[in-house]
Amino acid sequence: GQQLNQSPQSMFIQEGEDVSMNCTSSSIFNTWLWYKQDPGEGPVLLIALYKAGELTSNGRLTAQFGITRKDSFLNISASIPSDVGIYFCAGQRSQGNLIFGKGTKLSVKP
Amino acid sequence: NAGVMQNPRHLVRRRGQEARLRCSPMKGHSHVYWYRQLPEEGLKFMVYLQKENIIDESGMPKERFSAEFPKEGPSILRIQQVVRGDSAAYFCASSRGGSSYNSPLHFGNGTRLTVT
């Protein structure tokens with residue numbers, strides 16, 4: 001089945017550093033979403049993007065919907081320990097059926 | 001927090017038994033989705049339902065798995081004659097439906113199925 005290429009797979013950063021991760025696809029999506037998953041929990045929606053070129057912020061998080069509609073990135077500024085977790089991108093064409101990336105595992109050293 | 005509610009959180013079944021996983025969508029949401037997640041993997045789509053209708057079951061295994069979302073009550077994902085390979089976390093999500101615009105999926109905390 002279709003997959004999204006999400007990178008990097010994991011990141012070890014110092015508290016206060018900025019983080020950047022991205023997702024690419026071979027096909028077009030109408031919606032890109034970014035989720036964060038903590039151990040033993042379900043994914044929590046961080047940002048949803050609906051238009052090519054759209055740049056959206058949610059606190060220290062910023063995400064962009066690529067112009068080609070085949071990619072998206074997520075930036076986290078000034079990371080803090082509670083940013084630890086796994087971040088997933090997901091693409092959606094119409095209703096339902098999100099396609100997920102394999103995740104970026106973020107570790108933050110205080 | 002009237003989020004997506006899943007139960008049980010943990011379920012242990014022996015090979016050959018049946019597993020029933022329940023999901024109550026968020027208030028105001030009429031669309032339900034089931035996903036499966038293996039350790040260190042992303043979520044894989046299984047099935048998409050509206051009330052009393054299966055809209056897309058392209059991710060469901062052809063045998064032993066079924067899903068329903070009755071007019072009243074929660075959505076049920078049913079796995080018959082479970083095998084060890086069915087061990088995974090099963091997540092339910094819900095949305096308001098309509099176009100994807102402004103109707104993102106919200107997830108529950110999952111049911112972790114262990115088959116012994």
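Every number in this text was worked out from the coordinates using simple rules, so none of it is lab data. Keep in mind it's a predicted model, so treat the numbers as computed, not measured. Glycine also receives a Cβ, built like all others from the backbone with ideal geometry; neighbour counts cover every protein chain displayed.
The ratio of the alpha-carbon radius of gyration of chain A to the globular-protein estimate 2.2 N^0.38 Å is 1.01.
Across all Cα atoms of the protein assembly as shown, the radius of gyration (one decimal) and Dmax (whole number) stand at 17.5, 51 Å. In chain B, taking the dipole from charged Cβ atoms about the Cα centre, the farthest positive-side position among B:58, B:103, B:90 is held by B:90. Across the alpha-carbon atoms of segment B:12-68, the computed radius of gyration and Dmax are 12.7, 37 angstrom. Over segment A:24-67, Cα pairs under 8 Å with separation of 6+ residues give a relative contact order of 28 percent. Remark: mean inter-chain Cβ contacts per residue of B:105-114 equal 4, using a 10 Å Cβ-Cβ cutoff to other protein chain atoms. Projecting the Cα atoms of A:58, A:27, A:37 onto the charge dipole of chain A, computed from C-beta unit charges around the Cα centre, puts A:27 farthest toward the positive end. Per-residue shielding of B:51-63, expressed as the average number of other chain Cβ atoms within 10 Å of the residue Cβ, stands at 1. Projecting the Cα positions of B:24, A:12, A:99 onto the charge dipole of the protein assembly as shown (unit charges on Cβ atoms of Lys, Arg, Asp and Glu, taken about the Cα centre) puts B:24 furthest along the positive direction.
Where the centroid of each part is defined by its Cα atoms, how far is segment A:44-64 from segment B:41-116 in Å? Computed from Cα coordinates, the inter-centre distance equals 26 Å. The mean number of partner chain beta-carbon atoms within 10 angstrom of a residue's beta-carbon across peptide B:23-33 is 1. Legend: Rg and Dmax of segment B:8-116, from Cα coordinates, 13.5, 42 Å.
Taking every alpha-carbon pair under 8 Å whose residues sit at least 6 apart, chain B reaches a relative contact order of 36 percent.
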